[in-house]
């Protein structure tokens, strides 16, 4: 029997039954304002005992599905580094994405306006999670965190299939792998709230002029950016067509849904701080 607060998000996607995923909300934890209540970030100024208790709530939720499950927390730096989770991987590895083929090792991304992206393949051989803020998503020269994590994801999938002696799949190219990849986008700052400068637009449009469609003028030198839309565009460019979750509507906006989601941009100035949610994906 699973033990999740009903407010937590569970991806609605056709993943194999042994692929499990969730995204926490503000519900279910022990933190006091402005981190109330399910803050999972240990770097935001919250009481460390409350954070530890909240992480215990998350671990218990994962273990109610998979007894050996363990969420592995990264030190996220808005970059493109990817780590492959192994049984000895400790919390605090510097990376903004992770990949796992180990049952129970949960790829875990913390967010409070940035976009969490979860990946699996149709056979459920590998899972991945990425922290897609605008810097990591844009990357350099068109290679950002999604391109980096998909490269590692694809390589591990091919290794797994080769070890299983399924030669046809093992010899697939990245395009064939992409056609069998599922992506889920979690909550993030929405396109009516994400005001950015011209440098952010330039970071995306320099590589792909079509990215301009996801920036709406909003005053002198300012734009409203659709972060989830930009991520969908990047995933589609990789050949990933099966994309679920955040459709850029207000229901997914961390800023607009203040009672459900943490938002760094909304809360830090007004309240002095903001908690962090976590998106997790793991193999059972």
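The values are calculated or read from the model by the stated rules, or taken from the named source; none is laboratory data. All figures in this text were calculated on a predicted structure; none of them were measured in a lab. All Cβ positions, even for glycine, are placed from backbone atoms using ideal geometry, and neighbour counts span all protein chains on display.
Tell me yes or no: at least one residue of the stretch 221-244 is out of contact with any strand residue (DSSP E or B) (no Cβ under 9 Å at 6 or more places or on another chain) and without any contact (Cβ under 8 Å) to a residue 12 or more places away in the chain. No, the stretch 221-244 contains no residue that is out of contact with any strand residue (DSSP E or B) (no Cβ under 9 Å at 6 or more places or on another chain) and without any contact (Cβ under 8 Å) to a residue 12 or more places away in the chain.
Quick check on residue 212: is it in a strand (DSSP E or B), modelled with pLDDT of 95 or more and either out of contact with any helix residue (DSSP H, G or I) (no Cβ under 6 Å at 6 or more places or on another chain) or surrounded by fewer than 18 Cβ atoms within 10 Å (Cβ to Cβ) (or both)? Here the answer is no, as residue 212 does not meet what is asked.
Look at (1) over 23 Å from residue 21 (Cβ atoms); (2) outside any loop (DSSP other than H, G, I, E, B); (3) touching a strand residue (DSSP E or B) at 6+ places or on another chain (Cβ under 7 Å) and you find that residue 192 fails only one, number (2). Only one entry of 99, 117, 149, 83 meets the criterion of being buried (at least 16 other Cβ atoms within 10 Å of the Cβ), modelled with pLDDT of 95 or more, in contact with a strand residue (DSSP E or B) (Cβ under 7 Å, 6 or more places away or on another chain) and assigned to a helix (DSSP H, G or I), and that entry is 149.
Is it fair to say residue 51 is closer than 21 Å to residue 258 by Cα and out of contact with any strand residue (DSSP E or B) (no Cβ under 9 Å at 6 or more places or on another chain)? Yes.
Taking the residues in the stretch 156-196 that are at pLDDT below 95 and within 14 Å of residue 119 (Cα to Cα) as candidates, determine which candidate is surrounded by the fewest Cβ atoms within 10 Å (Cβ to Cβ). The selected residue is 179. Taken together, the residues in the stretch 261-284 that are at pLDDT below 95 and part of a loop (DSSP other than H, G, I, E, B) amount to 2. I want to confirm something. Restricting to the stretch 230-260 and keeping residues that are touching a helix residue (DSSP H, G or I) at 6+ places or on another chain (Cβ under 8 Å) and part of a helix (DSSP H, G or I), which single residue is nearest to residue 204 (Cα to Cα)? Here the answer is 230. In the stretch 48-72, the residue that is surrounded by the most Cβ atoms within 10 Å (Cβ to Cβ) out of those that are within 14 Å of residue 110 (Cα to Cα) and without any contact (Cβ under 8 Å) to a residue 40 or more places away in the chain is 54.
The set of residues from the stretch 126-143 being touching a strand residue (DSSP E or B) at 6+ places or on another chain (Cβ under 8 Å), assigned to a loop (DSSP other than H, G, I, E, B) and closer than 24 Å to residue 176 by Cβ comprises just one member, 126.
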